[in-house]
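As structure tokens, the structure follows; a few thoughts come after it.
Derivation of every value follows stated rules applied to the coordinates shown; laboratory data play no part. What you see is a predicted model, and the numbers here were worked out from it, not measured in a lab. Positions of Cβ are generated from backbone atoms using ideal geometry, with glycine treated the same way; all protein chains shown enter the neighbour counts.
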Number of protein chains: 4
Amino acid sequence: MARGINKVILVGNLGNDPETKYTQGGMAVTTISLATTSVRKDKDGQTQERTEWHRVKFFGKLGEIAGEYLRKGSQCYVEGSIRYDKFTGADGVEKYFTDIVADEMQMLGGRAEGGGAPRREFSGGGEARQSRPSQPQGGAPRREAAPAKANDFGADFADDDIPF
Amino acid sequence: MARGINKVILVGNLGNDPETKYTQGGMAVTTISLATTSVRKDKDGQTQERTEWHRVKFFGKLGEIAGEYLRKGSQCYVEGSIRYDKFTGADGVEKYFTDIVADEMQMLGGRAEGGGAPRREFSGGGEARQSRPSQPQGGAPRREAAPAKANDFGADFADDDIPF
Amino acid sequence: MARGINKVILVGNLGNDPETKYTQGGMAVTTISLATTSVRKDKDGQTQERTEWHRVKFFGKLGEIAGEYLRKGSQCYVEGSIRYDKFTGADGVEKYFTDIVADEMQMLGGRAEGGGAPRREFSGGGEARQSRPSQPQGGAPRREAAPAKANDFGADFADDDIPF
Amino acid sequence: MARGINKVILVGNLGNDPETKYTQGGMAVTTISLATTSVRKDKDGQTQERTEWHRVKFFGKLGEIAGEYLRKGSQCYVEGSIRYDKFTGADGVEKYFTDIVADEMQMLGGRAEGGGAPRREFSGGGEARQSRPSQPQGGAPRREAAPAKANDFGADFADDDIPF
DNA sequence: TTTT
DNA sequence: TTTT
């Protein structure tokens with residue numbers, strides 16, 4: 001029984017290759033940095049560009065797909081919600097993070113620039129929510145080993161998953 | 001020539017009355033705190049609630065409307081984009097802010113609870129982008145005086161507009 | 001592996017009470033007529049209103065919730081996709097229908113006006129996707145009896161479900 | 001003062017080259033046919049594909065841009081609203097049309113397939129709402145001549161703009 | 001047919 | 001801090 005709508009729709013390009021980690025429960029958590037650029041005229045008629053870098057997180061199966069098929073430069077569609085988090089560091093200083101938690105992802109046309117690892121041909125999109133190619137291929141494998149200890153979905157994150 | 005889509009859609013309730021400031025150029029900048037709550041079942045089958053508090057900013061005419069008609073408890077629809085900002089405080093510490101910059105707002109049904117100042121009857125919507133009632137009424141006036149010195153749209157903000 | 005995004009977001013009011021039917025498989029299919037009104041200035045500076053009446057369909061559990069809690073006049077948020085259908089009538093004439101197939105619904109504040117049947121207090125939302133009150137109450141029951149013969153989800157529709 | 005939200009977001013591919021007409025007032029009206037495909041599993045576990053063909057209309061400057069840069073096969077993002085129209089033909093039969101009226105368009109990566117007319121390199125998008133390349137190039141010109149008689153924006157459509 |  |  002949610003109260004309210006918290007919806008984000010992004011189309012942008014990755015600034016770097018995705019990073020995938022695994023929770024103690026073995027759930028993939030992939031993070032990407034996605035750029036969206038807007039342009040406006042300022043008061044002097046000058047064109048002003050501004051790029052937002054969104055930190056987008058994909059969990060579970062969607063995290064595996066994002067980690068395998070997205071690359072630096074990839075263009076993709078993301079739908080999700082905004083999540084604001086606060087952590088207190090060892091120095092006692094509070095740090096704030098804003099993430100987009102993805103519900104859906106689609107790869108869009110356009111060539112990635114990830115160097116020697118040509119991504120699987122996946123043109124025209126391929127909705128990540130519903131299917132997953134059974135035989136990932138191409139380039140170096142993206143998956144890091146999942147922790148041996150597998151718990152339930154929703155288990156605590158591994159230590160190195162703290163975001164700062 | 002924007003590159004990418006950065007779109008946010010929110011439906012939520014205000015946690016407080018709006019705050020309206022004015023730039024040196026006389027442009028209204030209204031900020032609200034908008035709650036959206038989601039619910040999920042955790043691994044133990046327990047219902048977990050989580051509320052995100054979005055800081056939403058309205059500029060110009062939309063800022064005036066938001067400042068006049070929204071109140072603590074009001075339910076509204078907001079469409080806009082995400083903007084990430086970083087400021088360095090006097091202490092040299094960097095602070096990060098995430099705002100939703102609104103493009104459109106609609107008031108939704110439901111009664112505000114702003115105490116003695118019954119807001120103008122406006123239930124069921126009234127698209128803020130396009131029209132503005134000529135005679136605001138009801139309760140204490142919401143508008144703070146705009147700075148006497150009016151510059152162009154896009155002028156620098158007054159000192160007290162620094163967000164920390 | 002969908003190719004493309006087909007997403008609709010509506011906030012509007014119901015022009016009539018919902019209509020719920022059941023497939024042979026026992027799945028609820030609720031249809032509402034939802035109004036959204038836009039306003040623009042024409043070339044003479046005259047304000048022109050235009051209302052679109054969206055035919056929105058809710059299936060399964062969401063269909064049951066929509067049928068029970070929405071009423072004529074209710075304001076709600078709907079998220080879904082557009083579906084275009086063509087049927088050939090007994091007279092050989094093709095008929096076209098456009099539906100919004102809802103994925104999510106939230107009731108918004110505002111009072112319904114469905115006569116003597118005060119709807120359950122549910123104002124301010126209540127995400128239909130996730131929960132369903134166990135004891136519907138108030139007014140005349142909304143549910144028509146589901147067909148005794150229950151098949152699988154996705155079964156053929158009953159005869160009277162043909163949309164013309 | 002709109003009442004309600006009527007928003008459509010599409011990402012899809014054009015099934016044909018765009019068609020551009022002009023109103024008596026000289027306003028470009030470009031129509032495209034945009035495919036979005038969804039996939040679901042039916043009750044037998046079979047994968048079912050379904051493609052919706054959206055008729056999307058672009059008016060004014062956006063119509064000119066869409067007509068010049070989109071081609072059969074192009075992938076694009078469209079944001080707009082749904083409009084339902086009814087016309088009565090000379091035979092007295094009512095015909096119904098559903099259009100998506102675009103507010104915004106962005107070309108997405110991916111190669112168009114429009115034969116010999118390579119579209120201008122426009123990778124990564126290029127928001128149609130805000131700017132327009134000053135020197136369109138490549139292939140045969142897409143613009144048909146605008147009617148000599150230019151009226152105000154919003155003028156009646158030419159006869160051949162009737163949609164059936 | 002709703003709503004304001 | 002809202003709302004249910």
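Descriptive notes on the structure:
- Residue pairs, from the table A:Lys86/B:Lys86; D:Lys21/D:Lys57; A:Lys57/B:Lys7; C:Lys43/D:Lys86; A:Lys43/C:Lys41; A:Lys41/C:Lys7, whose Cα atoms sit over 21 Å apart: C:Lys43/D:Lys86; A:Lys43/C:Lys41; A:Lys41/C:Lys7
- Neighbourhood net charge (10 Å Cβ-Cβ; Lys/Arg +1, Asp/Glu -1) for B:Leu10: -1
- Neighbour counts of C-beta atoms inside 10 Å place B:Thr20, B:Thr98 in the sequence B:Thr98, B:Thr20, starting with the fewest.
- Take every Cα pair under 8 Å whose residues are at least 6 apart in sequence, average their separation, divide by the length of region C:1-46, and the relative contact order is 34 percent.
- Cα gyration tensor shape for region D:1-57, rounded if a/c is under 1.5, else prolate or oblate: oblate
- At 7 Å out from Cα toward Cβ: C:Tyr96 inter-copy label distances (nm, ascending): 1.1, 4.9, 4.9
- Residue of chain D with the smallest Cβ distance to the axis mapping D onto C, distance rounded to whole Å: D:Thr98, 2.
- For region C:1-76, the list of trypsin sites (Lys or Arg not before Pro) that fall in a loop by DSSP and count at most 14 other C-beta atoms within 10 angstrom reads C:Lys43.
- Counted charge near C:Tyr96, where neighbours are those whose Cβ lies closer than 9 Å (Asp, Glu -1; Lys, Arg +1): +1
- Under 13 Å, Cβ to Cβ, from A:Val56 - net charge with Lys/Arg +1 and Asp/Glu -1: -3
- A label point on D:Arg50, set 7 Å along the Cα-to-Cβ line, lies at 2.8, 3.2, 4.1 nm from each of its counterparts in the other copies, closest listed first.
- Relative contact order computed over region C:33-75 (Cα-Cα under 8 Å; 6+ residues apart), in percent: 33
- Cut-off 17 Å (backbone N to label point 7 Å along Cα→Cβ of B:Tyr96), residues of region A:40-67: A:51-58
- Counting Cβ atoms of other protein chains within 10 Å of each Cβ in D:97-103 and taking the mean gives 2.
- Shape class for region B:35-81: prolate, because the ratio a/c of the largest to smallest gyration tensor axis (alpha-carbon atoms, square roots of eigenvalues) is 1.5 or more and a/b beats b/c.
- For D:Ser74, distant residues with modelled amide H under 5 Å away: D:Leu14, D:Glu113
- Per-copy distances of the C:Asp85 label point, shortest first, in nm (7 angstrom along Cα→Cβ): 2.5, 4.4, 5.0
- Linear extension gain, B:Asp103 paired with B:Asp85, 0.36 nm per residue minus alpha-carbon span: 4.7 nm
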